[in-house]
Amino acid sequence: MPHLPSLRRLLLTLSSSSGRDPLTFTSQFSVQLPALQELRIDAIFTNVTLFPGCLPASLTCLDMGPSMGCGYLPDAVAAATQLRQLRVMIPQPAGSRTQQLRVSRLQQLTRLELHHAGCLYSDLAALTALEKLTLWAPCAAINGPQVKVALLPLKRLTSLSLWEARFEGSTLPSELGALTALEEVVLVVDRGDLRSPDMGLQGLEVLDSLVRLTKLVLRGAGTVGLPEQFIDIIDVA
């Protein structure tokens, strides 16, 4: 790649003809693009390797899309403390019970989207500037203690989306009711994990505490116990 000192946004797309060849970033990348602010990588089913020092200090938005990770955040990303937006796929290794994602240094993040997240990682609690959190397909059932440790410290969180989620005991944790700054909630439930698919998710009454809620999306959760005030804003289609 040529030296492009003024480039601020870059989209890298790997075509299907590239097969499964890895995409590698070295420290030379940051030298060639010293002003880069936004990097988006569209590399389906491709291993992306980020070596330490490869991300420019100017970078505030990193979108790795569907590229394959290694079960945890790469060193280069974990050290990119200037990031404000991050979207990344973190496949959870089979049998892993890790509670750390290694995001605790990214304290300027305001938006975080994780695909194939393992669970509600405990170090999410360090991201006190976070305003929008999206988790796709967490493989560990979400429970009250996870919510209390990982989410309750996020006082600025206004948007929470949990896709293909599973909940311990098929019940929405009561601790979610303490996230009173939430304005948007999206719950797409893994119906195959529900104790009674016909009844849907239990515990929806905890949403009653979310007085600022203006958008509520429920998929596969049912509406049993849902507070009446949400009828006008709920999307269950």
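The values are calculated or read from the model by the stated rules, or taken from the named source; none is laboratory data. Only a predicted model underlies this, so the values are computations on that prediction, with no experimental measurement involved. Cβ coordinates were reconstructed from backbone atoms using ideal geometry, including for glycine residues, and neighbour counts include every protein chain displayed. These accessible areas exclude ligands, DNA and RNA; they are computed on the full protein's heavy atoms, side chains included. Shrake-Rupley method; radii C 1.70, N 1.55, O 1.52, S 1.80 Å.
What the table shows:
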{"item": "FRET E, pair SER27, SER122, Förster distance 30 Å, beta-carbon r, rounded to 0.05", "result": "0.45"}
{"item": "Spin-label model distance (nm) - ASP42 vs ARG8, 7 Å beyond Cα toward Cβ", "result": "2.2 nm"}
{"item": "Derived scalar couplings ³J(HN,Hα) [the stretch 141-149; Karplus, 6.51 cos²θ - 1.76 cosθ + 1.60; whole Hz; x for Gly, Pro]", "result": "5, 7, 9, x, x, 4, 4, 4, 6"}
{"item": "Net charge over other residues, Cβ less than 9 angstrom from the Cβ of LEU160 (K, R count +1; D, E count -1)", "result": "0"}
{"item": "Mean Cβ count within 10 Å, highest first, over the residues of peptides 119-132, 173-186", "result": "119-132, 173-186"}
{"item": "Apportionment of accessible area to carbon and sulfur, the stretch 103-151, percent (1.4 Å)", "result": "51 percent"}
